[in-house]
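Working notes, beginning with the structure itself.
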Amino acid sequence: MQVSILQIIFSWRMLVTFFLGMSSGIPLLVTGSTLQAWMTDEKVDLAVIGLFSLVGLPYTVKFFWAPVMDRYVPPLFGRRRGWILISQMLLMLAIGSFSLVRPAESPWTVAFLAVLVSFFSASQDIVVDAYRRELLHDEELGLGSALAVNGYRIGMLISGAFALILADHISWNIVYLLLAASLFAGIITTCLAPHPAEEVVSPKSLQEAVIEPFADYFKRLGAFEILAFILLYKIGDVMAGSMTTPFILKMGFSKTELAAVVKTFGIFATIAGGLVGGILLIKLGLYKGLWIFGILQALSTLSFSTLASLGAYSSVLAATVAFENLTSGMGASAFTAFMAGLCNKRFTATQYALLSSLMGMPRVIISAPTGFLAERVGWVAFFIYCTLAAIPGLIFLFRYRVWQEGLSVFHEKNISEEGNEFSADS
């Protein structure tokens, strides 16, 4: 019996994916802009506030402890749900502990709690990503990834904008207590979530969990080409995005217009793009989706050069931002589905943590010189260069079918070997 798109969208698996995405998004701003706002209210020195950005380091090196979560199985709820539940409970405890301190009086205690929150949050991300890959069927990965990302963004709204509004009316300590309580939704979801249907044999030793994910990945056909594609597919989008805020302000738009159009309207356009992209992927398939969404991403980047040529018209700004955020959300849904599909289910936590860290590299490294480039060539030419930067990633897509054929053969071989191991263990 053929399952309709609506049945897929409103299935329990998709709801679980959405709520776990929201649970992953809540902690991010708890130690980010929301904590900065609290410290500013407490008149903490600006230099100290700046140093607090370092507490986010666990997010960038999470692949170091991901093998532990692939190797060991908690006593309750299985390998994935067990680790998710442990991370969520430790997160709730760490965030709730903020209600007992004040940044001005105990900055080192606050710093310690912030590092704990970042570590437990990054740990939750590792296992939620792995669980999503193992829970969803291949054809559901696009929509599932989109729902997870949208849930993540809503979680950020809860710990960001909503927390700031609350802080105008109640004390920051109570705000952080409520943020800790908001994780109950994720805990309940984890307890009620289904166990992945497929039985996966976990690594037999920690050494295997550390070494095998790398060996497993580089055995497959086109391994280095795929890494290059991951680095390049959204590079033009990332380059343009790093300069969007200064571009809009230098064009003559007000901070209010920036907040209303980019920071508010733009977020909802991204959420809509992710949802539309996920639904379209069910019909189009991943290959066509990566092509179409990649081309649309490039065109949306080019549209900023049109805005730079026309001048500071609010209607053009709104249309440009809507187009850019919509296509960015669509591209992200296809891209995250592609990366999830690459992972061997024995090592999903480690491999996805590695690939997602690689995906984030352009944001840090390639974005750094974009300001110099924009200053040197002007805004119109800058956005044209960003558009051209998207082409190499699209060219790699001509190799997609070769990658998929190699991946199918590789996965079939692994499944056969895992079946033999499972029979031997039994």
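A compact table of results
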item	result
Exposure of Val380 as accessible area (Å², to 10), given a probe of 1.4 Å and all protein chains	60
Accessible area per residue in Å² at 1.4 Å probe, computed on the range 88-183	39
Full-extension gain in nm, Ser205 to Leu57, via 0.36 nm per residue minus C-alpha separation	50.6 nm
Accessible area, probe 1.4 Å, largest first, for residues Met243, Met339, Met89	Met89, Met243, Met339
C-alpha center-to-center spacing [the range 211-275, the range 62-114] in angstrom	27
Cβ-based charge dipole, the chain, positive-most Cα from Ser357, Gly294, Phe224	Gly294
For His195, solvent-accessible area (1.4 Å; no DNA, RNA or ligand), Å²	110
Approximate shape of the range 36-157 as ellipsoid semi-axes (Cα gyration tensor, √5λ), whole Å, largest first	31, 17, 13
Top of Pro67, Pro103, Pro369 by mean-square fluctuation, Gaussian network on the chain, Cα under 10 Å	Pro369
The range 229-378 - charge dipole about Cα centre, Lys and Arg +1 at Cβ, Asp and Glu -1, debye rounded to 20	360
Computed magnitude of the charge dipole of the chain (debye, nearest 20; Cβ of K, R +1, Cβ of D, E -1)	480
Potential lengthening between Arg376 and Ser309 on full extension [0.36 nm per residue; Cα-Cα distance subtracted]	22.4 nm
Kyte-Doolittle mean at least 0.0, axial Cα span of 27 Å or more - DSSP H helices of the chain	12-30, 78-97, 107-135, 286-310, 314-342
Carbon plus sulfur fraction of accessible area for the chain, probe 1.4 Å, in percent	70
Heavy-atom accessible area ranking, 1.4 Å probe, most first, across Asp70, Asp45, Asp168	Asp168, Asp45, Asp70
Dipole axis of the chain (+1 Lys, Arg; -1 Asp, Glu on Cβ), positive-most option in Thr109, Ile158, Pro67	Ile158
Förster radius 45 Å - calculated FRET efficiency between Glu225 and Val316 (Cβ-Cβ, nearest 0.05)	0.70
Additional length obtainable on full extension of the chain from Ile295 to Arg399, 0.36 nm per residue less Cα span	35.8 nm
Residue order for Phe224, Phe120, Phe268 - accessible surface, 1.4 angstrom probe, largest first	Phe224, Phe268, Phe120
Within a Gaussian network of the chain (alpha carbon springs, distance under 10 Å), most fluctuating of Val30, Val73, Val48	Val48
Label selected from (1) 30, 28, 19; (2) 34, 30, 19; (3) 61, 38, 23, the criterion being semi-axes √(5λ) of the Cα gyration tensor in Å as computed here	(2)
Cys343 accessible area, assembled protein chains, probe 1.4 Å, Å²	0
Cα-projected label distance for Val68 with Leu249, points at 7 Å along beta-carbon direction, nm	4.0
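The values are calculated or read from the model by the stated rules, or taken from the named source; none is laboratory data. From a predicted model like this one, the values you see are computed outputs, not experimental measurements. Here Cβ is always computed from backbone atoms with ideal geometry, including for glycine, and neighbour counts include all displayed protein chains. All accessible areas refer to the heavy atoms of the entire protein, side chains included, with ligands and DNA or RNA removed. Shrake-Rupley method; radii C 1.70, N 1.55, O 1.52, S 1.80 Å.
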